[in-house]
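Have a look at the structure below before the remarks.
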Amino acid sequence: MKFNYTARTKDNELQAGIVEASDRKEAVDTLQGHGLLVVSMEEEGRGLSFQIGFFSRVKNRDLVSFSRQLATLFGAKVSLVSSLELLASQTEEAYFQEIIFDVASTIEAGDSFSSALANYPKVFSNFYINMIKAGEVSGNLENTLEFLATYLEKQYNLVSKIKGALTYPAFILFGFIIVGILVLTVVIPNLTEVLTQSGQELPLPTRMIIGVSDFLIHWGWALLILLVALVFAFPVWLRKSLATRYFIDGLKLKLPIFGKIYRKFYLARMADNLATLIAGGLSILQAFQITADVVGNLVFKEIILEAKEQIRVGNPISAVFGKYEVIPPLVYQMISTGEKTGSLDYILKKISDFYTREVELVIASLAQLIEPLMIFILGAGVAILFASVLLPVYNIAGGA
């Protein structure tokens with residue numbers, strides 16, 4: 001295998017070239033053996049894998065695995081650069097592999113770990129980078145990596161359970177929509193001619209079904225273009241319109257059934273973020289600012305930022321949380337206890353554990369309820385669809 005590389009000499013001069021090796025690690029070792037500091041390296045013929053990073057992404061599962069393995073290696077007293085190079089050589093995703101190698105090269109060039117990670121804000125969140133920075137400042141990077149790995153695993157497992165519970169009903173609903181479109185565009189047009197030629201007055205549901213069928217046949221292409229445009233344009237518009245995002249985030253918390261899940265999910269995330277950041281050595285103000293940035297809901301972000309400002313002027317956190325309906329009394333009472341006893345990070349961890357279990361229980365119950373509910377809704381939809389078509393046909397047959 002051939003690798004294109006860029007490296008620095010002992011005189012700090014840039015040098016570019018090609019090196020042959022059986023794998024990337026051997027190529028790096030070969031260059032280091034010649035007194036070169038590798039800045040970047042890519043396999044010849046695969047250069048586009050990193051250049052098209054705009055279209056690539058690192059999966060949460062890969063980031064969780066990377067964090068846990070890095071914590072294990074660093075805890076085993078393997079140097080940070082060696083740990084990163086080893087993990088990069090074992091990573092199957094070419095895009096993520098390039099990033100890890102580049103982070104290792106940046107650290108070898110003299111930058112800190114957090115600075116190297118900050119070059120990839122779309123992969124490593126502000127939360128992740130600041131946790132690493134706190135570990136570097138406190139000299140306790142090993143424990144910080146353990147905190148991070150545990151936190152990411154917990155968040156990943158919780159989100160995975162929510163997605164898993166919603167995958168089945170989403171699949172069933174998608175299948176029903178496809179079947180419905182096929183019936184409306186293939187079956188209904190063939191029956192429409194028979195029904196209209198009969199001369200009898202068609203019931204309202206039948207006329208509505210025929211109208212939807214005609215619309216899909218003649219304007220379905222326009223509807224498809226509109227839907228595709230909305231899929232791409234709506235997220236962009238949402239990022240630019242804070243008022244709309246705030247309205248949607250607030251609406252999510254008030255939805256029947258799902259609103260309760262969202263509230264518990266964001267409470268668990270808020271408490272878990274704060275507990276992890278405070279335990280990781282960040283100041284209380286930094287912890288609240290970072291949590292506000294990564295909590296994922298503007299309503300909760302507003303509450304957290306207000307709490308941060310109250311802390312700045314010396315007021316208790318619980319006084320702010322008690323003003324909002326989305327924060328249950330249990331939460332601000334426990335936080336008040338944590339503030340008085342000086343065990344805020346411990347209390348926040350307990351709150352996080354409690355609401356994580358609550359979300360898991362609700363999701364498990366919801367998954368059991370969704371299946372019969374979906375069957376009932378789909379059965380009712382199919383019954384209405386076919387009754388609207390078949391009743392006039394039976395009337396024609398009876399009249400004949």
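Just so you know, all these numbers are worked out from the coordinates, no wet-lab data involved. Every value quoted in this text rests on a predicted model; they were computed, and no experiment measured them. Cβ sites come from the backbone with ideal geometry, for glycine too, and all protein chains shown count toward neighbours.
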Linear extension gain, Val294 paired with Glu136, 0.36 nm per residue minus alpha-carbon span: 54.8 nm
Under the 7 Å Cα-to-Cβ spin-label approximation, Ile172 and Asp353 lie apart by a distance in nanometres of 3.6
Extension gain, Tyr246 back to Asn143 (0.36 nm per residue minus Cα-Cα distance, nm): 33.5 nm
Relative contact order as a percentage, the chain, C-alpha pairs under 8 Å and 6+ apart, gives 13
For the chain, what are the DSSP H helices with axial Cα length of 24 Å or more and mean Kyte-Doolittle hydropathy of at least 0.0? 141-182, 204-240, 258-279, 344-399
What nm distance separates the two modelled labels at Leu224 and Thr9, each placed 7 Å from Cα along Cα→Cβ? 6.1
Please give the FRET efficiency for Phe215 paired with Thr72, using the beta carbon to beta carbon distance and R0 = 56 Å, rounded to the nearest 0.05. 0.45
Looking only at lysines whose Cα falls under 20 Å of Lys25's and that sit 8 or more positions away or on another chain, we get Lys2, Lys77
Tell me, what is the FRET efficiency for Glu371 and Asn60 to the nearest 0.05, using R0 = 25 angstrom and their Cβ-Cβ distance as r? 0.40
Length gained, Tyr394-Arg312, 0.36 nm per residue minus C-alpha separation, equals 21.9 nm
Modelled FRET efficiency - R0 60 Å, Leu204 with Lys161, Cβ distances, 0.05 increments: 0.85
Which lysines does Lys340 reach when only Cα atoms under 26 Å apart count, and residues fewer than 8 places away in its own chain are ignored? Lys264, Lys301, Lys308, Lys323, Lys349, Lys350
Can you give me the Cα centroid spacing of segment 204-278 and segment 97-134 in angstrom? 34
Over the Cα atoms of the chain the radius of gyration and the largest Cα-Cα distance (Dmax), both in Å, equal 28.7, 99
